[in-house]
Amino acid sequence: MWKIPLGRNGLPFIMWAALLFPALVRGQLKYDEKVWVSFADFRQVTDVAISPKFIYISTSGGVLRWDLYKKVWDSPWVIGRGQVTGIDLRGVLNVDYLSTDDKVAVLTSRGAFLYDPIARYWIPTQHSFTPPVGTEIVQGIFIESPGVTVTGRNYFLQGRNAVMDRELHSHALGPFATDDWGFWWLGVNGVGVLQLDSRMLRATMWEMGLYGTDLRAMARGDGWVILGGNNPDGGISLWKEEASLWDHLEPRYNASLQSGVIRDLTTYDHQAYAATEYGVTQFDLRNGSGRTWRLAEGLWSNSTNAVVTDGDTLWVGTENGVNFIPLPKGPAKRVNVEGLKNTNCTRLALDPQALWVGTDLGLFRLDRASGEGGYMDEESGVGGPVTALFSGATEIWAGRYTGLQMIKKGDSEQAGFPTQAFFGGAMIFAVLPVDSLVFVGTDHGLWKYDRYRNRWHQYQKEDGLISNRVFSLLQDGDYILIGTAEGVTRFYWNDPSRVD
């Protein structure tokens, strides 16, 4: 007779395995490969490999994949799906296609890994890699963009070994490979990938990835996802997901943008607004033109933290108070209400009746009709400075120094989730209610609150996040874009097969 093997104390061995190896239960294999997809800085290309179906391009931020039949960029490999935990594929040095096994091998600073397309996960390997191959372009070519961008940036060939952009910056050509259709795939240092039709002598320049990976703010407008953060040497990244189109605004080449340190973003119609350390910047998503309001134009301070707009008025939170700017041109005016003057205003949220202001002193409600307001009483058990804020139809959600606070707008009834009890003492940076769920970004990962089940669930790097420091959240239909200290992760939150 077949018997169940027993462990200590007579427990079945299978139960002991679950107790001894909880990571296997929690591991990445419980998720489909595309539940977690991350994006980083892909502008430094290190190698190119060709398979019958894909072009594989290894970069500083992971592995890019061009589908030769669909003629689109497939999801990049940044945090690869491992058997137990995520495999960090950033800083890839080499990529090889193994035709005998139809597998892909990559060499990183963390080791070499092999991707099995049948099992769809990564494992360590001892593969010996082929060195990258460089080249030069000996004939004149025409370089175009894959789509209409905000900046309208263009490129042209400079000699045989580099291309130059319209700001006269030279970008050296890197590794390359040729596919069976006569296309050359070349890395362009500091830009991305040049796709050259060697017969027609026409090329497409694909700018790839983020221009600064520390993401503190995200917004959507005109089909673009706009991303910014604490990136003094970067700026604002613009991403059109469906077209794999990237663009960027940098302070040194844009007179209206004074700083690459972006603390908040909001949009309305064709305009985007960025709270920066040197004023609040408006820029047009059709042509990149814009302007900046500073202390000299009426702001309380050049150091701005938050922006929100209803299209008629732009509200600005600064380190010394709140401003409002009648759109489209201003001027900036100061909100002279006791409790907000000379106060660091860190977060803003807007509804038809009130402007909600998160400050170092707490949560302030400003009535838009009367212009009067005051701080909300702390009845939820959490308090302190406001670190995150979201205004819904019937509720306000505020991340506070000591936890998460929910306030019902109708009767001001409050509920609180202390950080020590619910988030392991984590600092809260972002909150996003979606349907019956509430997502919370912290420095200990992403948390999900299921209201129906009254249950919390934590996601971290081992699940697929690119970083456990989550600063911003943006709903994208069935996905959530998660801005972190090291890039952005797209999470399929509405996967019908999920069980967490």
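The numbers here are math on the coordinates, done by the rules we state, and not lab data. Just so we're clear, the structure is a prediction, and the values are computed from it rather than from any experiment. Positions of Cβ are backbone-derived with ideal geometry, glycine not excepted, and every protein chain shown enters the neighbour counts.
Okay, helix-only estimate at 222 nm for the chain: each DSSP H run of n ≥ 4 adds -39500 (n - 2.57), divide by all residues, round to 500 deg cm²/dmol; what do you get?
It lands at -500 deg cm²/dmol.
Return the tail of the calculated pair distribution for the range 127-199, meaning the percent of Cα-Cα pairs more than 21 Å apart.
Tail fraction, whole percent: 27.
Tell me the relative contact order for the chain as a rounded percent, counting alpha carbon contacts under 8 Å between residues six or more apart. Write out the running numbers ahead of the final one.
Numbers: 1370 pairs, mean separation 49.0, N = 500.
Averaging sequence separation for qualifying contacts and normalising by length gives 10 percent for the chain.
Could you compute how fast the chain diffuses translationally, taking Rh as the Kirkwood radius over C-alpha pairs and applying Stokes-Einstein at 20 °C with viscosity 1.002 mPa s? Give it in µm² per second.
Once the numbers are plugged in, D ends up at 87 µm²/s.
Which ordering of Leu285, Leu201, Leu186 is given by a fewest-first count of other beta-carbon atoms within 10 Å?
Numbers: Leu285 19, Leu201 12, Leu186 25.
So the residues, fewest neighbours to most, are Leu201, Leu285, Leu186.
At what distance in nm do the modelled label points of Met427 and Arg202 sit from each other, each positioned 7 Å from its Cα along Cα→Cβ?
Distance between label points: 5.1 nm.
What order, most packed first, do the peptides 265-277, 363-375 have when packing is the mean number of other Cβ atoms within 10 Å of each residue? List each step's numbers first, then the result.
Working: 265-277: 21.8, 363-375: 14.9.
Output ranking for 265-277, 363-375: 265-277, 363-375.
I'm a student and want to see the number: the projected area of the Cα convex hull of the range 35-209, averaged over all directions, in nm².
Spelled out: convex hull of the Cα atoms, projected over all directions, averaged, 10.5 nm².
Among DSSP bridges having both ends in the chain, what percentage is antiparallel? Round to the nearest 5. Walk me through the intermediate numbers first.
On the way: 164 of 169 bridges.
In the chain, DSSP labels about 95 percent of beta bridges as antiparallel.
Where the centre of each part is set by its Cα atoms, how far does the range 59-107 sit from the range 302-327, in angstrom?
The distance from the Cα centre of the range 59-107 to that of the range 302-327 comes to 43 Å.
Just to be sure I understand the model, the point goes 7 Å from the Cα along the line to the Cβ. What's the resulting Glu297 to Gln353 distance in nm?
My value for the distance between the label points is 3.3 nm.
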